[in-house]
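The values are calculated or read from the model by the stated rules, or taken from the named source; none is laboratory data. The model shown is predicted, which means the values in this text are computed figures rather than measured ones. Ideal geometry is used to build each Cβ from the backbone, glycine not excepted, and the neighbour counts take in all protein chains shown.
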Amino acid sequence: MNDLIGGFREAGFLLVSLDRDLLTITLRSLYVSLTAVVIASCIGIPIGAWLALTRLAGRRYVIAGVNGLMGLPPVVVGLLVYILFSRAGPLGVLGLLYTPTVMIIAQMIIATPLIISISHQGIREIWDDYRDLLLSLNATKWQRMGTLIRDGRYALLIASLAGFGRAIGEVGAIMIVGGNIDQATRVLTTAIALETSKGNFAFALGLGFILIILAVAVNMVIHGLVRTERTALW
Amino acid sequence: MVAHLLPLAVRGAEVNRQGHRLLGPIDLDITPQGILVIIGPNGSGKTTMLRMLHGLDPLESGSLTWAVDENQARLRQSFVFQSPIMLRRTVLSNLTYPLMLRGEGSRRAKVRATAFAGRFQLEQFLPMSAGSLSGGEQQKLALARALISKPDIIFLDEPCANLDGRATREIESLLQETNSSGTKIVLSTHDLGQARRLADQVVFLLNGCVHEIADSATFFAEPKSRAATQFLAGDIIT
Ligand SMILES: Nc1ncnc2c1ncn2[C@@H]1O[C@H](COP(=O)(O)OP(=O)(O)O)[C@@H](O)[C@H]1O
Ligand SMILES: [Mg+2]
């Protein structure tokens, strides 16, 4: 209980004092996870839309597979990415291990299946609704895609935000591939793990509260942006 | 404009679903003029027949032959579904949508859509979301959206089934106007009153088969089949 209160106090203190280290760690967290989610969305949303629209023999299995991958353990992703990018690994020559870039790659892999799955579901729902109309109006396959992505943008946004939530809160993968190096690859989650292991519970909790505030704030800002658009247009 | 899309010759057309015959075989000629009304009780196959004619449900066997080639034919017909499918957009975007699909620029499409909305008394709704309109207004919008591409023929599946009397009358007079300006109308209904008011020609459908094709006046005065006689008398037929 004392730790919890201490955590609140520490978080307040950290926020008010705008600690430099804290600021860089927070910005790095945002940079890594937002970049990962933007890339994952660019990959995942078209795939989700395509899956919703295409008559594919094994579609059910593909979707079951993607849904299974949503539960991909970050540690395992981290391990696989580590092996790929380690000096002896196939991509070792790139020298990316222990850089924010490889952290982005790992989080992108973690977020993509989630984004595919949720966007598939959202697009599918609209497709079921629109199908007859779009076929009647002779919309081409690309026009159908465009229409569903445009009119399903709210569902797609939810998909991206879910991906962001998973990425920003994830510690297993970035710890392994990033190494939690001070001034280089330390982010909020890895810093929390470190402070906890050092026994600095209040400080760790303070970081934890900031992580939560960050996740909620990003969600609220983006929802707010879309809301205003939605009430205006729909 | 090039040659008219009609007449349409339907020969031995059948529709199956999961191995069961839902419809046919149907032989029918659809002429360029007038309003053709398909009547029949619930489940007789009206929806299936309209979808088949429009090309939404594939033929199991038989043929549809339009007076123009198939690609042309696809572009010059429209469909209004029983429960209107509204794009989750504004009324204006719903109206411009078919034009934009055909490559018309957005500014020109908007000008045309706005002018078109006037004819349907939809102007005041243009900036509103289509989903917030009442049932009758949605159906009117669906009709306007179907007509904005100037089709030669429009299919309507029980367009007034969910509407009150006033909305029904409004749709009916819009349909009559549309027909007098040269668009063929093929409409299904289980409402005999509506069939009497609108039809030039009647197709009576029962259990997926055409039991009678006749001029409206002839059909209502002296139906030939026993089933049609019973249907007109309001009996429940099996
Ligand atoms: N997707 C479907 N699968 C199997 N049977 C169907 C399907 N759709 C309609 N039917 C059946 O086909 C028959 C005709 O249906 P429908 O064309 O909707 O009739 P109506 O529009 O005259 O009420 C009905 O018996 C209905 O149960
Ligand atoms: Mg029906």
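Details
- The condition (being of a type in the set (A, V, I, L, M, F, W, C), outside any helix (DSSP H, G or I) and touching a residue at least 40 places away in the same chain (Cβ under 8 Å)) is satisfied by just one residue among A:Ala191, A:Ala184, A:Ala173: A:Ala184.
- Of the residues in the stretch B:44-63, at least one is in contact (Cβ under 8 Å) with a residue 12 or more places away in the chain, within 16 Å of ligand 2 (Cβ to nearest atom), assigned to a loop (DSSP other than H, G, I, E, B) and in contact with a Gly (Cβ under 9 Å, 6 or more places away or on another chain).
Residue by residue, here is whether (1) away from chain A (no Cβ under 14 Å); (2) within 19 Å of the chain's Cα centre (by Cα); (3) at pLDDT 95 or above holds:
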site: B:Arg21; (1), (2), (3): yes, no, no
site: B:Pro32; (1), (2), (3): yes, yes, no
site: B:Val37; (1), (2), (3): yes, yes, yes
site: B:Thr47; (1), (2), (3): no, yes, yes
site: B:Leu50; (1), (2), (3): no, yes, yes
site: B:Glu60; (1), (2), (3): yes, no, no
site: B:Gln72; (1), (2), (3): no, yes, no
site: B:Gln77; (1), (2), (3): no, yes, yes
site: B:Lys110; (1), (2), (3): yes, no, yes
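- Scanning the stretch B:79-102 for residues that are more than 10 Å from every other protein chain (Cβ to nearest Cβ) and part of a loop (DSSP other than H, G, I, E, B), we see that the one that is farthest from B:His54 (Cα to Cα) is B:Ser83.
- Taking the criterion of being within 14 Å of chain B (Cβ to nearest Cβ) and not small (Gly, Ala, Ser), the residues of the stretch A:96-129 that qualify are A:Ile123, A:Glu125, A:Ile126, A:Trp127, A:Asp128, A:Asp129.
- Every residue from the stretch B:137-180 that is within 16 Å of ligand 2 (Cβ to nearest atom) and in contact (Cβ under 8 Å) with a residue 60 or more places away in the chain: B:Ala142, B:Phe155, B:Leu156, B:Asp157, B:Glu158, B:Pro159, B:Ala161, B:Asn162
- Given (1) surrounded by fewer than 19 Cβ atoms within 10 Å (Cβ to Cβ); (2) within 14 Å of chain B (Cβ to nearest Cβ); (3) not charged (D, E, K, R), number of the condition A:Gly169 does not satisfy: (2)
- Applying the condition of being within 16 Å of ligand 1 (Cβ to nearest atom) and hydrophobic (A, V, I, L, M, F, W, C) to the stretch B:136-161 and asking which residue is nearest to B:Trp66 (Cα to Cα) yields B:Phe155.
- Whether a residue is within 16 Å of ligand 1 (Cβ to nearest atom), without any contact (Cβ under 8 Å) to a residue 24 or more places away in the chain and out of contact with any helix residue (DSSP H, G or I) (no Cβ under 6 Å at 6 or more places or on another chain) was assessed, and B:Gly103 does not pass this test.
- Set A:Val38, A:Val81: member being part of a helix (DSSP H, G or I) and surrounded by fewer than 17 Cβ atoms within 10 Å (Cβ to Cβ): A:Val38
- A count restricted to the stretch B:113-148 and to residues that are part of a loop (DSSP other than H, G, I, E, B) and within 22 Å of the chain's Cα centre (by Cα) stands at 6.
- Test: residue in the stretch A:152-162 that is over 23 Å from the mean Cα position of the chain (by Cα) and within 14 Å of chain B (Cβ to nearest Cβ): no
- Subset tally (residues that are small (Gly, Ala, Ser) and either exposed (fewer than 14 other Cβ atoms within 10 Å of the Cβ) or within 28 Å of A:Ala159 (Cα to Cα) (or both)) for the stretch A:5-35: 4
Condition check ((1) farther than 20 Å from A:Ala204 by Cβ; (2) of a type in the set (S, T, N, Q); (3) modelled with pLDDT of 85 or more) across all residues:
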| position | (1), (2), (3) |
| --- | --- |
| A:Phe8 | no, no, no |
| A:Asp21 | no, no, no |
| A:Ala40 | yes, no, yes |
| A:Ile45 | yes, no, yes |
| A:Ala57 | yes, no, no |
| A:Pro73 | yes, no, yes |
